[in-house]
Amino acid sequence: MTKRQVRARRAAIATAPPPEEPGPRNPFVAPPYEEPRALTEEQVEQVVVAEVLEGESAAAAGRIAGVEHGTAIAARPHVRSALVEALERQGVDDSLLARTLRKGLKAKQRSITYKDGSVSPACADHSTRHKFLTTCLRVRGDLREDAAAGGDDTWEATIIRLRHTRHGGAAPSTE
């Protein structure tokens, strides 16, 4: 579904059909205002799923659906499973995500050709690698949102915890 189709569908759902009017209407008098019907929770979820699949963020999808808590709706288990199923139907599965993350962790900057003809070698693109690393850690659940925002858990503590967990030992305390 395109954005236009989703918005048209939402408008069709939200507005009731006009009531039958007895006789001709006066063109100089404004029609009575009718408050649009609110969408049901199920309809809001359908709009959020459709908008997220079209590329909108969960918050933007929630605003399009007419609610303020789009991220909370997208986090519901049955909505997330609907999103995962739709992505898998499009060919985005775990192996594709893993390959993409692996490539991103090996990202390099382009080599530059200078005026004199010399070429700089391709070097590591640390900014891109950092973004892929944080995304990978968030997907696995190893990086908490409060850690990135300066919470109790620091990057160093997260890396130490991952190293110990990976080698079979218990994670040390971060105190």
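Here is how the numbers come out for the structure above:
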read-out: Cβ-derived FRET efficiency at R0 41 Å, ARG76 paired with ALA30, nearest 0.05; value: 0.50
read-out: Efficiency of FRET between LEU83 and CYS123 - r from beta-carbon atoms, R0 45 angstrom, step 0.05; value: 0.75
read-out: Inter-label distance for LEU133 and ALA12, nm, one decimal - labels placed 7 Å from Cα along Cα-to-Cβ; value: 5.0 nm
read-out: Ranking of VAL84, VAL47 by count of other Cβ atoms within 10 Å, fewest first; value: VAL84, VAL47
read-out: Distance (nanometres) between label positions extended 7 Å along Cα→Cβ at LEU105 and THR40; value: 4.5 nm
read-out: Note, ³J(HN,Hα) from phi for segment 110-125, Karplus 6.51, -1.76, 1.60, rounded to Hz, x at Gly and Pro; value: 5, 7, 10, 9, 8, 4, 7, x, 6, 10, 7, x, 5, 10, 4, 9
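Here, each number is a calculation from the coordinates, and none is a lab measurement. The shown structure was predicted, so the numbers you read here are calculated from the model rather than taken from an experiment. For neighbour counting, all protein chains shown are included, and Cβ atoms are generated from backbone atoms with ideal geometry for every residue, glycine included.
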